[in-house]
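The values are calculated or read from the model by the stated rules, or taken from the named source; none is laboratory data. A quick note: this is a predicted structure, and the numbers were derived from the prediction, not measured. In this analysis, Cβ positions are derived from the backbone assuming ideal geometry, glycine residues included, and neighbour counts consider all displayed protein chains.
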Amino acid sequence: MSLDVLVCINGHPRSHMVVDAALRKLKETGSSWRVLYVDPTDGGVGYTRRHERTMRLLERAEAAGAEVVHLEVADSGAAKIDYIQACFEAGEEITHIFVGQIAENGLSAVLKRSTADKVARKFGHRSHVTVVPLEGALAKPSFWERLNLGVFSWEHIMAPVVAVAAAFLIAECVRAMLPMIMHRINMHNIALIFLLACVIVSLRFGLLSALVASALSFAVINYFYVVPIGQFNLSTLTDFINITIYLGAAIIVSVMGGHVRASVENARLKERRSRALYDIHQLTSGADSKHQVLEILDREVHKLFNMEVAFFLPLGSREDTLGRDEVTFSRYPSHSQLEQKDMLALQKCWQQGQTAGFGALLGIGSSWRFEVMETGQKKYGVFGVKIPMKARLDPGFGQLMNSMTDHVAATLERVELMNEMTDSRFREEREKLRSMLLSSVSHDLKTPLASIIGSISVLRSLKKSGRVTEEQEETLTETALDEAQRLDSFITNILSMTRIESGEIEFANHEHDPMEPVRTVLKALKPRLKEREVKVSGDTDGVRVMMDAMMTTQVLQNIIDNAAKYSPENAAIDLSLEVSDGHFRYHVRDHGDGIPENMLDRIFDKYERLNKTDSQVAGTGLGLAIAKSVMGAQGGDVTVANHKEGGAVFTLHFPFNDSERMEAAQ
Amino acid sequence: MSFLENAKILVIDDTPSIRTFLRISMTDYGAIFHEAATAGEGQSLCLSEKPDLVILDLGLPDRDGLDLLPEIVGRTKGDAPKIVVLSVRSDRKTRELAYARGASGYVTKPFIMDDLIETIEHVLH
């Protein structure tokens with residue numbers, strides 16, 4: 001059995017880089033391949049998400065013709081090696097092995113070989129092992145890098161000088177103040193005072209300062225306290241051994257102290273960054289658009305790195321002057337300035353899918369550092385940070401950039417998936433609403449039309465046969481007329497609603513006698529109300545209310561019409577006008593069954609009517625929605641309640657200045 | 001003598017104006033006319049008056065006419081009334097459902113009286 005390419009991955013967020021590297025190789029050879037997923041099943045932080053992502057990656061690999069092997073073990077490194085070993089033992093010929101390498105921290109990383117190295121060493125002679133670095137070049141700090149040796153200033157030279165001077169003074173003081181026990185204060189005691197100074201300097205100022213302090217204190221001890229005093233010569237071998245031991249001890253103490261200090265600093269930095277990452281994670285998890293995500297990231301990442309940051313999302317590609325493909329990007333923030341070198345690094349980063357720019361192998365010479373934002377599924381864009389002049393990148397920076405980029409990519413992916421989902425749901429809802437609205441409107445238009453056409457066609461046949469009585473003729477004509485008016489008011493309502501929604505209607509608010517619309521409505525509704533009485537009450541002499549008379553008339557007509565529809569035939573409708581606490585109000589009360597409690601707050605909803613198909617009295621529903629919009633536009637409101645003694649009460653509220661009435665009365 | 005002479009007709013429709021002109025027309029043809037505005041009212045009239053023909057609207061305030069159909073057909077066994085549906089619903093699905101549940105005719109609103117009479121004549125013979 002032969003197997004050409006084996007790809008080993010674990011749940012690392014960047015495992016796709018290993019798969020991609022293998023795919024590039026496969027493009028050349030076109031041979032069979034297998035993906036080994038060693039699932040750590042540790043359930044660690046973010047395991048579920050990583051696992052899901054890896055599963056998607058495996059699906060992609062399977063689609064590209066890979067055979068997938070899924071192992072669930074705790075020690076992923078050993079499992080990989082065992083698996084490969086087993087393959088060879090079973091006689092499978094693996095020509096290429098692809099394995100990812102991550103940057104590990106700590107002293108153990110220095111001493112222990114990584115899985116990738118082990119694989120390379122163990123199987124390198126049998127097949128071609130490609131180690132794919134999963135994190136940037138700066139991600140793996142060496143032991144010396146971790147000591148933060150680079151930060152050096154005058155302070156760091158002055159500190160050991162001052163410390164040694166202080167130790168010298170203390171030693172002299174001790175000698176001067178305790179002459180009686182002079183024989184007990186010897187070179188060894190004094191050496192300890194200087195050693196203490198070295199420890200303090202190493203803890204406070206780091207390794208280099210401590211080494212300076214060691215050398216300085218060595219010289220001071222040699223000159224002032226070792227015979228011959230006042231010279232750097234040493235007279236006896238014992239002295240030579242003693243002082244050499246001192247120097248050795250001072251250097252060891254300095255290195256240890258420096259390391260402790262560097263560790264503390266790194267831990268602090270790491271904690272600060274972890275907190276910042278967590279904050280960014282929290283902030284972006286609530287965002288629901290790409291723009292919002294980038295806005296939050298720009299602000300927070302800028303704070304975190306204290307450097308200029310920018311995001312580049314691809315727009316399209318075009319050929320540059322040399323005939324190469326060049327991708328154009330939209331920038332966020334849009335004012336980011338890139339020089340020619342930076343642009344080149346950005347292009348390289350995007351096209352090769354690798355870290356580029358400052359401190360990376362690609363795009364050397366740029367002051368920006370670029371990372372591709374990609375998940376296993378898609379490349380979303382490039383994340384860039386401008387490294388300031390003379391800035392020194394600490395070892396954790398590369399890792400921070402990586403995790404930052406991964407987070408941004410994951411967030412962008414989430415937002416995109418969410419938007420896609422919302423979009424399709426929105427379209428579905430809109431389609432449903434549209435068809436419901438259409439069927440509702442067609443019902444409301446067709447019902448009165450059915451009465452009109454029916455009545456007239458009956459009248460026509462009666463007339464043809466010559467049997468029509470005067471009473472029949474009158475009833476049929478009245479019916480047709482009534483329904484024609486109902487149709488008219490319904491069409492008016494639809495048009496008003498459309499115009500209100502499109503903002504076409506302009507409200508002309510002027511002072512009016514509130515009885516004015518009442519009279520117009522009663523006149524217009526007279527044929528429809530027939531025997532029904534509308535009892536008007538309330539003292540409004542001299543009251544002038546700011547309103548759009550025409551729209552108010554329409555609202556009032558809708559409400560009174562509704563009252564008539566929902567109350568027993570010939571039951572009276574009460575219309576009362578009232579001025580109180582800064583408002584003018586019309587109350588319209590019917591003597592019907594009232595409105596079910598659960599409907600009270602939904603009754604003004606435009607689509608409420610839609611839930612009932614054609615089982616309602618024609619033309620209702622929209623009328624109340626219009627009332628709500630019109631009253632709102634006039635600065636008032638419309639409300640509904642059930643009357644204690646039965647029936648519904650609709651109230652139109654208008655803002656009203658009571659003092660005007662007083663003046664008018666005077 | 002018209003084919004509707006002394007035929008007992010029940011109209012179940014919640015729109016008063018439609019009942020009005022149907023009443024005028026039907027009584028002119030010599031039919032005995034009953035009317036109901038709700039499904040409940042219509043159901044009890046069906047049992048008490050035993051109509052020959054029911055003209056049924058689908059969008060009734062208390063129940064959907066489509067649900068009422070099988071009940072009218074089922075309860076009055078033997079001499080079940082013929083049912084003509086009169087509705088604004090014009091889609092094929094509703095029409096098929098109405099026929100499947102026992103309707104004998106289907107007229108969509110708006111309609112000309114002559115068309116309804118023609119359908120009724122067809123259904124009754």
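For the subset of segment A:447-456 comprising residues that are closer than 15 Å to B:ARG19 by Cβ and more than 7 Å from every other protein chain (Cβ to nearest Cβ), which member is farthest from the chain's Cα centre (by Cα)?
Restricting to residues being closer than 15 Å to B:ARG19 by Cβ and more than 7 Å from every other protein chain (Cβ to nearest Cβ), the top hit is A:ILE452.
Assuming B:PHE111 fulfils every condition listed in (1) within 14 Å of chain A (Cβ to nearest Cβ); (2) free of Cβ contacts under 8 Å to residues at least 12 places away in the same chain apart from one, which condition is it?
Single failed check for B:PHE111: (2).
Quick check: anything in segment A:223-239 charged (D, E, K, R) and in contact (Cβ under 8 Å) with a residue 12 or more places away in the chain?
yes
Taking segment B:109-118 as the region of interest, how many residues are in contact with a strand residue (DSSP E or B) (Cβ under 8 Å, 6 or more places away or on another chain), buried (at least 19 other Cβ atoms within 10 Å of the Cβ) and part of a helix (DSSP H, G or I)?
Number of matching residues: 1.
Identify, by number, the condition in (1) at pLDDT below 80; (2) closer than 30 Å to A:PHE88 by Cβ that A:SER127 doesn't meet.
Of the numbered conditions (1) at pLDDT below 80; (2) closer than 30 Å to A:PHE88 by Cβ, the odd one out for A:SER127 is (1).
Does B:GLY74 satisfy the condition of being modelled with pLDDT under 90 and more than 18 Å from B:ARG19 (Cβ to Cβ)?
Criteria met by B:GLY74.
Name the residue that is nearest to the other protein chains (Cβ to nearest Cβ), counting only residues in segment B:42-72 that are touching a residue at least 40 places away in the same chain (Cβ under 8 Å) and of a type in the set (Asp, Glu).
For segment B:42-72, the residue satisfying everything is B:ASP57.
In contact with a Pro (Cβ under 8 Å, 6 or more places away or on another chain), surrounded by fewer than 19 Cβ atoms within 10 Å (Cβ to Cβ) and over 17 Å from A:LYS446 (Cβ atoms): is that true of B:THR27 in this structure?
no
Considering only residues of segment B:87-108 that are of a type in the set (D, E, K, R) and surrounded by fewer than 16 Cβ atoms within 10 Å (Cβ to Cβ), which is farthest from the other protein chains (Cβ to nearest Cβ)?
Only one residue tops the list, namely B:GLU96.
Hey, could you check segment A:249-279 for residues that are crowded, with 18+ Cβ neighbours inside 10 Å and of a type in the set (D, E, K, R) and say which is farthest from A:VAL301 (Cα to Cα)?
Once the filter is applied, the top-ranked residue is A:ARG261.
Surrounded by 20 or more Cβ atoms within 10 Å (Cβ to Cβ) and modelled with pLDDT of 75 or more: is that true of A:GLY632 in this structure?
Spelling it out, it is not the case that A:GLY632 is surrounded by 20 or more Cβ atoms within 10 Å (Cβ to Cβ) and modelled with pLDDT of 75 or more.
Scan segment A:463-479 for residues that are outside any helix (DSSP H, G or I) and either at the interface with chain B (Cβ under 9 Å from one of its Cβ atoms) or of a type in the set (Asp, Glu) (or both) and jot them down.
A:ARG467, A:VAL468 - these are the residues of segment A:463-479 that are outside any helix (DSSP H, G or I) and either at the interface with chain B (Cβ under 9 Å from one of its Cβ atoms) or of a type in the set (Asp, Glu) (or both).
Consider A:VAL579 carefully, then state whether it is at pLDDT 80 or above, buried (at least 18 other Cβ atoms within 10 Å of the Cβ) and over 45 Å from the mean Cα position of the chain (by Cα).
Yes; evaluated as a whole, the condition is true for this residue.
Does A:ASP444 fit the bill of being among the acidic types (Asp, Glu), farther than 20 Å from A:PRO314 by Cα and within 14 Å of chain B (Cβ to nearest Cβ)?
yes
Suppose we filter segment B:18-35 for residues that are out of contact with any Lys or Arg (no Cβ under 9 Å at 6 or more places or on another chain) and of a type outside the set (D, E, K, R); how many remain?
Residues meeting the conditions: 9.
Kindly check whether there is at least one residue in segment A:402-423 that is closer than 30 Å to A:ASP20 by Cβ, in contact with a strand residue (DSSP E or B) (Cβ under 9 Å, 6 or more places away or on another chain) and in a strand (DSSP E or B).
no
What about A:ILE243, is it in a helix (DSSP H, G or I), among the β-branched types (Val, Ile, Thr) and within 21 Å of A:ALA159 (Cα to Cα)?
So A:ILE243 fails the test.
Any chance segment A:480-489 includes a residue that's among the hydroxyl-bearing types (Ser, Thr, Tyr), touching a residue at least 60 places away in the same chain (Cβ under 8 Å), outside any strand (DSSP E or B) and more than 14 Å from chain B (Cβ to nearest Cβ)?
yes
Please name all residue pairs, on different chains or six or more residues apart, with Cβ atoms under 9 Å, provided the first residue is in segment A:17-34 and is closer than 15 Å to A:HIS128 by Cβ and in contact (Cβ under 8 Å) with a residue 24 or more places away in the chain and the second residue is assigned to a strand (DSSP E or B) and acidic (Asp, Glu).
What qualifies is A:TRP33/A:GLU67.
Which one of the conditions (1) within 30 Å of A:THR651 (Cα to Cα); (2) within 13 Å of chain B (Cβ to nearest Cβ) does A:GLU511 fail to meet, given that it meets all the rest?
(2)
So A:SER496 clears everything in (1) more than 9 Å from chain B (Cβ to nearest Cβ); (2) surrounded by 18 or more Cβ atoms within 10 Å (Cβ to Cβ); (3) out of contact with any helix residue (DSSP H, G or I) (no Cβ under 8 Å at 6 or more places or on another chain) except one condition, right? Which one?
Failing condition for A:SER496: (3).
Select from segment A:566-580 the residues that are in contact (Cβ under 8 Å) with a residue 60 or more places away in the chain and farther than 19 Å from A:LEU522 by Cα and list them in ascending order.
Within segment A:566-580, A:VAL579 is the sole residue that qualifies.
Residue-by-condition table, conditions (1) in contact with a strand residue (DSSP E or B) (Cβ under 6 Å, 6 or more places away or on another chain); (2) assigned by TED's automatic domain parsing to the domain that holds A:ALA120; (3) over 19 Å from A:SER127 (Cα atoms); (4) surrounded by fewer than 12 Cβ atoms within 10 Å (Cβ to Cβ):
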position	(1), (2), (3), (4)
A:ALA21	yes, yes, no, no
A:GLU28	no, yes, no, yes
A:TRP33	yes, yes, no, no
A:LEU36	yes, yes, no, no
A:ARG56	no, yes, yes, no
A:PHE88	no, yes, no, no
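Looking at (1) modelled with pLDDT of 85 or more; (2) not in a loop (DSSP other than H, G, I, E, B), which is the one condition that is false for A:ALA571?
(2)
State the number of residues belonging to segment B:7-41 that are in contact with a His (Cβ under 9 Å, 6 or more places away or on another chain) and within 14 Å of chain A (Cβ to nearest Cβ).
Looking only at that region, the number is 1.
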